[in-house]
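Q: This structure is in structure tokens; I'll ask about it shortly.
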Amino acid sequence: MSADEVFMRAAMKAALRGRFTTSPNPRVGCVLVRDGEIVSTGWHMRRGGPHAELAALNQAKAQGISLAGATCYVTLEPCSHFGTTPPCANALIDAGIGRVVAACEDPNPLVSGQGFERLRAAGIEVTTGVLANEARALNPGFFSRMERNRPFVRVKIAASLDGRTALSNGLSKWITQPAAREDVHRLRALSSAVLTGAGTVRADDPQLTVRSAHVSQESEGLVRQPLRVLLAGKQPVPVDAQILQQTDASTLVVSSEDSELTSMAIGGAALMSCPGRDGRVDLSQLLQKLAADYSCNEVLVEAGATLASQFLVEGLCDELWWYTGAVLLGADARAAIGPLGLLDMAAVERLGMRALTRLGGDTRTILSDSSASATAGATNGSQTDLYHWTTED
């Protein structure tokens with residue numbers, strides 16, 4: 001492993017410090033190196049806060065460390081425009097940095113190579129492409145939003161060994177044990193939005209919020225609640241449903257354009273109409289609107305068999321997170337997946353396994369299209385770094 005790779009891995013480790021809080025901004029880490037030693041480390045924590053490069057520069061400045069001729073290792077191209085913070089490229093130039101090593105170019109059109117150009121114009125040596133796939137894997141949603149104009153979508157299912165999510169009478173608490181349920185809270189914390197259907201709300205009345213001491217501790221007390229997205233069906237949702245209550249978590253109710261749903265029926269939630277197809281909200285259009293209007297990078301689908309299957313059938317699921325409880329519910333219990341319309345085994349898609357993790361007595365399997373490109377993140381090994389919560393778990 002080269003020295004550049006060693007220091008870039010340190011920068012990627014730093015980026016993970018903000019994995020639950022940076023949305024809608026990308027997760028970025030930075031280390032500053034002099035004479036072969038890391039002298040300061042920074043990471044982006046949240047939108048509006050210092051970017052990773054500035055955080056590292058500030059740390060060095062506070063310690064009285066001269067950075068003249070030092071090397072900056074950063075997981076994403078330094079920005080070159082004024083947003084909620086000044087350009088990082090300018091700050092690196094002003095600090096006298098001699099070399100910048102960046103993993104990959106920023107796909108944001110406001111940056112997209114311009115940061116590198118500014119650094120080179122100032123006489124700074126720029127090296128790119130160091131561990132690029134691994135760095136992309138830190139931000140599958142940000143790259144998806146910028147390159148595909150839609151969020152990265154994870155579909156989460158918790159089922160028994162025989163693929164059932166509830167008894168025939170609808171009871172489902174609890175198929176998985178506390179360790180697996182805690183894992184789901186961390187998955188929600190990664191997400192910009194959590195999406196569900198009206199049927200799930202009527203049946204289970206979920207909160208769909210992050211309630212995790214681990215997330216709070218790792219994020220230095222900052223818990224960012226994802227946007228809760230409810231797809232309204234033809235039957236009403238009780239106005240006292242937990243998802244409609246005003247809390248730290250905002251709720252967006254989505255209906256088809258021909259729906260007669262009014263704001264009176266959804267309490268304090270926001271209402272958005274979306275083009276419909278076959279009597280349902282067009283999921284592809286919805287994802288594009290969540291990316292464009294709400295800057296959603298990563299969307300988690302926690303829904304029933306019908307809606308989950310719709311994402312799968314339409315090819316809109318980038319990763320399938322399957323939690324398996326060590327129980328059997330029987331053929332009379334409710335299936336985890338609805339009809340897929342398959343009539344020929346040749347048409348059955350074989351999924352690629354990204355990771356298999358034991359969670360107490362349960363397991364978590366992360367799967368994706370076996371032919372998925374780098375858009376989804378990167379190779380299996382690097383992708384799981386984002387989902388490795390702590391070495392103690």
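Q: For region 50-169, please list each of the strands (runs of 3 or more DSSP E) lying entirely inside it that holds at least 3 residues being open to solvent by 10 Å² or more (accessible area, probe 1.4 Å) and of a type outside the set (Lys, Arg). So that I can check it myself, show each step before the final result.
A: Values: elements: 71-74, 99-102, 125-128, 152-159, 164-166.
Answer list for region 50-169: 125-128.
Each row is one residue, and each column tells you yes or no for (1) buried (at least 17 other Cβ atoms within 10 Å of the Cβ); (2) at pLDDT 90 or above; (3) touching a Lys or Arg at 6+ places or on another chain (Cβ under 9 Å); (4) not basic (Lys, Arg).
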position: TYR323; (1), (2), (3), (4): yes, yes, yes, yes
position: ALA331; (1), (2), (3), (4): no, yes, yes, yes
position: ARG334; (1), (2), (3), (4): yes, yes, yes, no
position: MET345; (1), (2), (3), (4): no, yes, no, yes
position: GLU349; (1), (2), (3), (4): no, no, no, yes
position: GLY361; (1), (2), (3), (4): no, yes, no, yes
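Q: Looking at region 112-130, I want the residues that are hydroxyl-bearing (Ser, Thr, Tyr) and have a partner that is buried (at least 20 other Cβ atoms within 10 Å of the Cβ) and in a helix (DSSP H, G or I) with Cβ atoms under 9 Å, at least 6 apart or on another chain. Which pairs are those?
A: If the second residue must be buried (at least 20 other Cβ atoms within 10 Å of the Cβ) and in a helix (DSSP H, G or I), the pairs left are THR128/PHE116.
Q: Please state which one of THR85, THR71, THR75 is at pLDDT below 95, closer than 24 Å to ARG136 by Cβ and of a type in the set (Val, Ile, Thr).
A: THR85
Q: Take region 363-393 and flag every residue that is of a type in the set (Val, Ile, Thr), at pLDDT below 60 and surrounded by 12 or more Cβ atoms within 10 Å (Cβ to Cβ).
A: Step one: of region 363-393, the residues of a type in the set (Val, Ile, Thr) are 363, 365-366, 375, 379, 384, 390-391.
If we keep only those that are at pLDDT below 60 as well, we get 375, 379, 384, 390-391.
Matches in region 363-393: THR375, THR379, THR384.
Q: Moving on to the next point. Quick check on region 310-333. Is at least one of its residues β-branched (Val, Ile, Thr), within 22 Å of the chain's Cα centre (by Cα) and not in a loop (DSSP other than H, G, I, E, B)?
A: Quick first cut of region 310-333, residues β-branched (Val, Ile, Thr) only: 313, 324, 327.
Going one step further and asking which of them are within 22 Å of the chain's Cα centre (by Cα), we end up with 313, 324.
If we keep only those that are not in a loop (DSSP other than H, G, I, E, B) as well, we get 313, 324.
For region 310-333, residues β-branched (Val, Ile, Thr), within 22 Å of the chain's Cα centre (by Cα) and not in a loop (DSSP other than H, G, I, E, B): present.
Q: Can you pull out every residue in region 1-31 that is over 19 Å from GLN225 (Cβ atoms), among the β-branched types (Val, Ile, Thr) and surrounded by 24 or more Cβ atoms within 10 Å (Cβ to Cβ)?
A: VAL28, VAL31
Q: From the list GLN225, GLN246, pick out the single residue that is farther than 23 Å from SER284 by Cα, surrounded by 13 or more Cβ atoms within 10 Å (Cβ to Cβ) and modelled with pLDDT of 75 or more. Working first, answer last.
A: On the way: GLN246 fails: surrounded by 13 or more Cβ atoms within 10 Å (Cβ to Cβ).
The unique qualifying residue is GLN225.
Q: Could you list all residues from region 347-361 that are assigned to a strand (DSSP E or B) and either of a type in the set (Lys, Arg) or within 11 Å of ASP183 (Cα to Cα) (or both)?
A: Pass one, region 347-361, residues assigned to a strand (DSSP E or B): 351-359.
Hits for region 347-361 are ARG354, THR357, ARG358, LEU359.
Q: Here's a follow-up. What number of residues within region 291-309 are in a helix (DSSP H, G or I) and out of contact with any Lys or Arg (no Cβ under 8 Å at 6 or more places or on another chain)? It would help to see each step written out before you state the result.
A: Within region 291-309, the first condition is being in a helix (DSSP H, G or I), and the residues that meet it are 291-294, 305-309.
After this cut, where a residue has to be out of contact with any Lys or Arg (no Cβ under 8 Å at 6 or more places or on another chain) as well, the list is 292-294, 306-309.
Selection size over region 291-309: 7.
Q: Touching a residue at least 24 places away in the same chain (Cβ under 8 Å), within 28 Å of ALA189 (Cα to Cα), among the charged types (D, E, K, R) and crowded, with 20+ Cβ neighbours inside 10 Å - does that describe any residue in region 33-48? Write out each step before concluding.
A: Kept after step one, since they are touching a residue at least 24 places away in the same chain (Cβ under 8 Å), are these residues of region 33-48: 33-34, 36, 38-48.
Okay, now just the ones that are also within 28 Å of ALA189 (Cα to Cα), so 40-48.
Add one more test, that the residue is among the charged types (D, E, K, R), and what stays is 46-47.
Next, from what is left, pick out any that are crowded, with 20+ Cβ neighbours inside 10 Å: none.
There is no residue in region 33-48 that is touching a residue at least 24 places away in the same chain (Cβ under 8 Å), within 28 Å of ALA189 (Cα to Cα), among the charged types (D, E, K, R) and crowded, with 20+ Cβ neighbours inside 10 Å.
Q: I'm trying to understand the selection: among the residues of region 277-314, which are under 14 Å from ARG154 (Cα atoms), free of Cβ contacts under 8 Å to residues at least 40 places away in the same chain and open to solvent by less than 60 Å² (accessible area, probe 1.4 Å)?
A: Correct list: LEU283, SER309, GLN310.
The values are calculated or read from the model by the stated rules, or taken from the named source; none is laboratory data. Here the structure is a predicted model, which is why all the values come from computation and not from measurement. Note that each Cβ is placed from the backbone with ideal geometry, even for glycine, and that neighbours are counted across all protein chains shown. These area figures cover heavy atoms from the full protein model, side chains too; ligands, DNA and RNA do not enter into them. Shrake-Rupley method; radii C 1.70, N 1.55, O 1.52, S 1.80 Å.
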